[in-house]
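**Student:** Right, I'll just put the structure down here and ask away after.
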Amino acid sequence: MLAVLLMVSVVVSACSKRQPETAPAQSNPGTMTRSDGGDREGPANDDAARRRAEEMARRRAALEAMVFFAYDQSDLSREAQAVLNEKIPLLRETPAIRIRIEGHADERGSLEYNLALGRRRAQSVRDFLTGFGLNASRFEIESFGEDRPLDAGHSESAWSRNRRAAFVVLSGM
């Protein structure tokens, strides 16, 4: 995925730097000639593209970081609030970002109960984020209940990983 982002960044960067048509193509040692006749610094451009791709990957990871819940709870713990607080500046900087918040539950409880609990967890996350002035229309919520476990085990350790809200960036990145 990082390689694809890097390639896209290089192509976009190369396409956005046009030389005037009257300027002759120059060839300097240490530069690479583009197919349109212009030159660009090879290593410098590669470093910039790599840094952009790394920053984009860091931002996406922060936006997609999950939060976890206690058994039969939809209240946000301090740890969950800390994870959500990392998302707020990124969401403020880029108003075009839209996210789906997916609520999950462990396998204990009925199907209907777990779907409702997953929805309450997703709503709790959305309410927290909108409490910082973010528009609620940027967030979709969906509950999967117990249907998509992160850990298929049948122990407290597995169940604690399944009680979560997950995030999917839908657009804007």
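**Student:** Would you be able to tell me the number of residues in the range 86-134 that are more than 18 Å from D72 (Cα to Cα) and either out of contact with any strand residue (DSSP E or B) (no Cβ under 7 Å at 6 or more places or on another chain) or assigned to a strand (DSSP E or B) (or both)?
**Tutor:** 21
**Student:** Pick out the one residue from E140, E146 that is surrounded by 12 or more Cβ atoms within 10 Å (Cβ to Cβ), in contact with an Asp or Glu (Cβ under 7 Å, 6 or more places away or on another chain) and in contact (Cβ under 8 Å) with a residue 24 or more places away in the chain.
**Tutor:** E146
**Student:** Would the range 144-163 turn up any residue that is under 15 Å from E64 (Cβ atoms) and part of a strand (DSSP E or B)?
**Tutor:** No, there is no match, as no residue in the range 144-163 is under 15 Å from E64 (Cβ atoms) and part of a strand (DSSP E or B).
**Student:** Okay, next question. For R60, indicate whether it is farther than 19 Å from N162 by Cβ, at pLDDT 95 or above and not in a loop (DSSP other than H, G, I, E, B).
**Tutor:** Yes; evaluated as a whole, the condition is true for this residue.
**Student:** Same structure, new question: Being closer than 30 Å to E55 by Cβ and touching a helix residue (DSSP H, G or I) at 6+ places or on another chain (Cβ under 6 Å), is that true of even one residue in the range 113-124?
**Tutor:** The answer is no; no qualifying residue exists.
**Student:** A further question on this structure: Exactly one of these conditions fails for R98: (1) touching a Phe, Trp or Tyr at 6+ places or on another chain (Cβ under 8 Å); (2) within 25 Å of P149 (Cβ to Cβ). Give me its number.
**Tutor:** For R98, the exception is condition (2).
**Student:** Also, I was wondering about something else. Which pairs turn up if I take residues in the range 160-173 that are among the hydroxyl-bearing types (S, T, Y) and look for partners that are surrounded by 16 or more Cβ atoms within 10 Å (Cβ to Cβ) with beta carbon separation below 8 Å, at least 6 apart in sequence or on another chain?
**Tutor:** Going by the 8 Å Cβ cut-off, the qualifying pairs are S160/F68; S160/D106; S171/I97; S171/R98.
**Student:** In the range 146-161, which residues are at pLDDT below 95 and touching a strand residue (DSSP E or B) at 6+ places or on another chain (Cβ under 7 Å)?
**Tutor:** Once the filter is applied, which keeps residues that are at pLDDT below 95 and touching a strand residue (DSSP E or B) at 6+ places or on another chain (Cβ under 7 Å), the range 146-161 yields only L150.
**Student:** Let me ask something else. I'd like to verify a number: residues in the range 85-112 that are touching a Leu at 6+ places or on another chain (Cβ under 8 Å), within 27 Å of G153 (Cα to Cα) and at pLDDT 95 or above, how many? Can you show your working first?
**Tutor:** If we filter the range 85-112 for residues that are touching a Leu at 6+ places or on another chain (Cβ under 8 Å), which is where we start, we get 87-88, 90-92, 97-100, 103-105, 109.
Filter once more, keeping what is within 27 Å of G153 (Cα to Cα): 100, 103-105, 109.
Those still in the list that are at pLDDT 95 or above too: 100, 103-105.
Residues in the range 85-112 being touching a Leu at 6+ places or on another chain (Cβ under 8 Å), within 27 Å of G153 (Cα to Cα) and at pLDDT 95 or above: 4 in total.
**Student:** Exactly one condition in (1) in contact with a Gly (Cβ under 7 Å, 6 or more places away or on another chain); (2) in a loop (DSSP other than H, G, I, E, B) is not met by Q73; state its number.
**Tutor:** Condition not satisfied by Q73: (1).
The values are calculated or read from the model by the stated rules, or taken from the named source; none is laboratory data. Just so we're clear, the structure is a prediction, and the values are computed from it rather than from any experiment. Cβ atoms come from the backbone with ideal geometry, glycine included; neighbour counts cover every protein chain shown.
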